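Peer 1: Encoded as structure tokens, here's the structure I'll be asking about.
The values are calculated or read from the model by the stated rules, or taken from the named source; none is laboratory data. Values in this document were obtained by computation on a predicted structure and should not be read as measured data. Quick reminder, even Gly has a Cβ in these numbers, built from the backbone with ideal geometry, and neighbours come from all protein chains shown. Side chains are part of the model used for accessible areas, which takes the heavy atoms of the whole protein and leaves out ligands, DNA and RNA. Shrake-Rupley method; radii C 1.70, N 1.55, O 1.52, S 1.80 Å.
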Amino acid sequence: SVIWVVIRNIISEGSEGIELGQFTFDLSIRSAYVSGTDIVVGVRRNAGGGSLLGMKFVFSNETGSITLEERVPINELDERTFTFTSSEVPGIGAGDEVSVAPIYESGGEQTGGITDSATISGNPPAGAGGTGNPGTGTCRRHFDSESKLNWYQ
């Protein structure tokens, strides 16, 4: 029993830095492409996790990486498009990589590990308008006063 007390204390102290929330967020990159001089990244939040405060994006190429924070929460099962200007991500373009990690609330603000990565394409995906301009509207869901699901743009 004396040995168990010592082992239990070691395990307890070692697990204090591990937060369950960092394992339950699932963000996926749906698209990443060059639009003019900007980089457009579409992110989907899958089911799971708690209070998502935002995301960290890591853009990388063979010479280095740039990390940017976006304080925009995404509800479960929703998607959001982020546009990064060439001044925010200098030197990043087609063929480079973008990764995403959640920023969440769990006894204080925490940053989880990278949940997805993608190679940035030189062309917009099908349905993005064909001109490289994904538009500014984002479909969102909301419940009106009669508790009916409505879509708006």
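Peer 1: Has the range 106-127 got at least one residue that is modelled with pLDDT under 85, charged (D, E, K, R) and under 15 Å from the mean Cα position of the chain (by Cα)?
Peer 2: no
Peer 1: On to the next question. Can you tell me how many residues in the range 73-109 are of a type in the set (V, I, T) and either over 16 Å from S35 (Cβ atoms) or free of Cβ contacts under 8 Å to residues at least 12 places away in the same chain (or both)?
Peer 2: Here the count works out to 3.
Peer 1: Residues in the range 110-123: is at least one touching a Gly at 6+ places or on another chain (Cβ under 8 Å), open to solvent by 40 Å² or more (accessible area, probe 1.4 Å), without any contact (Cβ under 8 Å) to a residue 60 or more places away in the chain and assigned to a loop (DSSP other than H, G, I, E, B)?
Peer 2: No, every residue in the range 110-123 fails to be touching a Gly at 6+ places or on another chain (Cβ under 8 Å), open to solvent by 40 Å² or more (accessible area, probe 1.4 Å), without any contact (Cβ under 8 Å) to a residue 60 or more places away in the chain and assigned to a loop (DSSP other than H, G, I, E, B).
Peer 1: Collect the residues in the range 93-104 that are open to solvent by 40 Å² or more (accessible area, probe 1.4 Å) and outside any strand (DSSP E or B), keeping them in residue-number order.
Peer 2: Residues satisfying the conditions are A94, G95.
Peer 1: Which condition does P90 not pass, out of (1) at pLDDT below 90; (2) open to solvent by 50 Å² or more (accessible area, probe 1.4 Å), if it passes all the others?
Peer 2: Only one criterion in (1) at pLDDT below 90; (2) open to solvent by 50 Å² or more (accessible area, probe 1.4 Å) is unmet by P90, namely (1).
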